[in-house]
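One structure is given here, and the rest of the page talks about it.
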Amino acid sequence: SIGSKREGQQRQVHAATTNPNSPLGKKNASNDVPSRIGLIGARGYTGQALIDLLNEHPFMDLRHVSSRELAGQELQRYTKRKIIYEYLSPENVAQLDKDGQVDCWVMALPNGVCKPYIEALNQVQKGSNSKSVIIDLSADHRFDNSWAYGLPELTKRSEIYQSTRISNPGCYA
């Protein structure tokens, strides 16, 4: 409990956690070096918000940002390294994955647009030892049972943690 004084009285406040599925925390972290992230669809609202979050996260390192419209321009909001927007086709993404350049792909694309990227990554990963994670922020795989549903209130964190395919929980994200 936390004690505080208010007008000469001692008041007890009890801190309680109600989340039975609490975060894994640092003691359960899977790595001690930043994961290399590739972001497809970096120009949109979701992509831009994610860039800000990745910039502040000590174990996430944004390496590739893809946008057709912004290709060749410098990403201004990321301070960990200089990054130039590039247009990455599904074939480019597959090659980067095959070369082991990215640990996690984030698809921040509109619904129905990420299918060619997922297919290209699946082809690479069939015959290789690539274990890169794919996170789909669209609704494309939200109700696909072969993808972990990324809402820890409904899906155990341990299940999400072990998955290499994680779907977006919609407006909860």
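The values are calculated or read from the model by the stated rules, or taken from the named source; none is laboratory data. As the structure is a computational prediction, the values presented were derived from the model and not from experiment. Ideal geometry is used to build each Cβ from the backbone, glycine not excepted, and the neighbour counts take in all protein chains shown. Side chains included, ligands, DNA and RNA excluded: accessible areas come from the protein's heavy atoms. Shrake-Rupley method; radii C 1.70, N 1.55, O 1.52, S 1.80 Å.
For segment 125-173, a Kirkwood hydrodynamic radius built from all Cα pairs, placed in the Stokes-Einstein relation at 20 °C and 1.002 mPa s, yields a translational diffusion coefficient of 192 µm²/s.
Projecting the alpha carbon convex hull of segment 41-158 along each direction and taking the average yields 7.9 nm². The listed peptides 98-109, 77-88, ordered by packing as a protection proxy, come out as 98-109, 77-88 (highest mean of other Cβ atoms within 10 Å first).
The chymotrypsin sites (Phe, Trp or Tyr not before Pro) of segment 114-173 that meet both conditions, a loop assignment by DSSP and at most 16 other Cβ atoms within 10 Å of the site Cβ, are Phe143.
Calculated accessible area for segment 50-173 comes out at 57 Å² per residue, all protein chains present (probe 1.4 Å; ligands, DNA, RNA ignored). So if the hydrodynamic radius of segment 66-123 is defined as the Kirkwood radius over C-alpha pairs, what does Stokes-Einstein give as its diffusion coefficient at 25 °C and 0.890 mPa s, in µm² per second? Diffusion coefficient, whole number: 196 µm²/s. Hydrodynamic analysis of segment 25-105 uses the Kirkwood radius over alpha carbon pairs. Inserted into Stokes-Einstein at 4 °C and 1.567 mPa s, it gives a translational diffusion coefficient of 99 µm²/s. Multiplying the residue separation of Gln123 and Gln162 by 0.36 nm and subtracting their alpha-carbon distance yields 12.0 nm. Surface composition of segment 71-173: carbon plus sulfur atoms hold 48% of the accessible area, using a 1.4 angstrom probe and ignoring ligands, DNA and RNA.
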